[in-house]
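J.: Quick one: the structure is below, and I'll ask about it shortly.
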Amino acid sequence: MPSADLEGFGAAAIAGLATAAPLPRREPTPAEIRAWALGAGWSLSAKGRVPAEVRSAWIAALGTR
């Protein structure tokens, strides 16, 4: 492919990125919630499902889902 074609391709690719929608916020991992919960004084096991009450408290404290 000639270099002039590559230059145009790069400009088109970058122009497309400028108009792309932002990525959706990712869900927190159980490890992230568990670390926050332990620091906030919650008592929970090191493994297994994070209780819904703890997840709700994390959302309320950090204002995210």
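J.: Taking the conditions exactly as written (modelled with pLDDT of 85 or more and polar (S, T, N, Q)), does S3 satisfy them or not?
T.: No.
J.: Looking at A12, A60, which is the one that is at pLDDT 90 or above and on the phi < 0 side of the Ramachandran plot?
T.: Answer to the selection: A60.
J.: Additional query: Take segment 33-65 and flag every residue that is of a type outside the set (D, E, K, R), within 17 Å of the chain's Cα centre (by Cα) and outside any helix (DSSP H, G or I).
T.: G63, T64
J.: Now for a separate question. Hey, could you check segment 32-43 for residues that are closer than 15 Å to L62 by Cβ and small (G, A, S) and say which is surrounded by the fewest Cβ atoms within 10 Å (Cβ to Cβ)?
T.: Step by step, filter segment 32-43, then rank; the result is G39.
The values are calculated or read from the model by the stated rules, or taken from the named source; none is laboratory data. Keep in mind it's a predicted model, so treat the numbers as computed, not measured. Every residue, glycine as well, gets a Cβ built from its backbone with ideal geometry; the counts of neighbours run over all protein chains shown.
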